[in-house]
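Pasting a structure below so you can have a look.
The values are calculated or read from the model by the stated rules, or taken from the named source; none is laboratory data. These numbers were taken from a predicted model, which means no experiment stands behind them. Neighbour counts are summed over all protein chains in view; Cβ atoms, including those assigned to glycine, are modelled from backbone coordinates with ideal geometry.
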Amino acid sequence: MASLFFSTIEVTKQAFFRTPLRAGSGAFAIVNLKPIVPGHVLVIPTRVVLRLADLQDDELTALMLAVKRVGCIVERAYKADGLTVACQDGKAAGQSVPHVHFHIMPRKFKGDRFEDNNDAIYPELERSEGNLADDLKQAGRVTPLHVDADDSRPPRTMEEMEKEASWLSTFL
């Protein structure tokens, strides 16, 4: 199985979903280093591209179908009532990792961290994206990116992420 990269970061062990490659287009999903809510995952195109507009039509189709499928998996696995699906397309939009990606976050009416203010998840997402490089360094993973110093969400170990990825793969 070929290695998977999120920009320059090797994430193969975090992956729980991968589409079959068809003429170079494909997508995969990984568990998050510092999830904002339990079940927060990323869906990423296989080819490293900075912006949505940089994707070929078949790549965009594969990516969006993966977002739909992974969303259903995460919603069922985490017994969610809905999903927040977000894409920060470009640095001006808060994208810190130079590779298109969608955040999928399961949401609940009761017991959700943001149930009293649903929209508070968006500033948290922006903060999270902004501190990723520090988190990766703390987790012992080398990256040239600068990214979230929110100590209330410490980075998970590779073992923790592999365990969640393995569990989520059972929902495929």
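A quick yes/no check of all residues on (1) surrounded by fewer than 19 Cβ atoms within 10 Å (Cβ to Cβ); (2) of a type in the set (Val, Ile, Thr):
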residue	(1), (2)
11	no, yes
14	no, no
32	no, no
76	yes, no
87	yes, no
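In addition: Can you tell me which residue is nearest to residue 27 (Cα to Cα) among those in the range 71-95 that are touching a Pro at 6+ places or on another chain (Cβ under 7 Å) and outside any helix (DSSP H, G or I)?
Ranking the qualifying residues of the range 71-95, first place goes to 83.
For the subset of the range 16-30 comprising residues that are surrounded by 15 or more Cβ atoms within 10 Å (Cβ to Cβ) and of a type in the set (Gly, Ala, Ser), which member is nearest to residue 107 (Cα to Cα)?
Of everything passing the filter in the range 16-30, 29 is nearest to residue 107 (Cα to Cα).
Can you run down the residue pairs with Cβ atoms below 9 Å, 6 or more apart or on separate chains, where the first is in the range 91-106 and among the polar types (S, T, N, Q) and the partner is not in a loop (DSSP other than H, G, I, E, B)?
Pairs that qualify, where the first residue is among the polar types (S, T, N, Q) and the partner is not in a loop (DSSP other than H, G, I, E, B), are 95/129; 96/128; 96/129; 96/130; 96/132; 96/133.
Picking from 133, 139, which residue would you name as being over 18 Å from residue 94 (Cα atoms), touching a Ser or Thr at 6+ places or on another chain (Cβ under 8 Å) and modelled with pLDDT under 85?
139
Just the residues that are modelled with pLDDT of 95 or more and in contact with a helix residue (DSSP H, G or I) (Cβ under 6 Å, 6 or more places away or on another chain), please, taken from the range 16-35.
Across the range 16-35, the qualifying residues are 16, 17, 27, 29, 30, 31.
Further, regarding this structure: Quick check on residue 43: is it closer than 17 Å to residue 77 by Cβ, within 14 Å of the chain's Cα centre (by Cα), of a type in the set (Val, Ile, Thr) and surrounded by 16 or more Cβ atoms within 10 Å (Cβ to Cβ)?
So residue 43 passes the test.
In the range 96-133, which residues are of a type in the set (A, V, I, L, M, F, W, C) and either assigned to a helix (DSSP H, G or I) or surrounded by 14 or more Cβ atoms within 10 Å (Cβ to Cβ) (or both)?
Across the range 96-133, the qualifying residues are 97, 100, 102, 104, 105, 114, 120, 121, 125, 132, 133.
Something else now. Filtering the range 142-172 down to residues that are under 15 Å from the mean Cα position of the chain (by Cα) and of a type in the set (Asp, Glu), which residue is modelled with the lowest pLDDT?
148
Please specify each residue of the range 27-70 satisfying the condition of being outside any helix (DSSP H, G or I) and basic (Lys, Arg).
Those that are outside any helix (DSSP H, G or I) and basic (Lys, Arg): 34, 47, 51.
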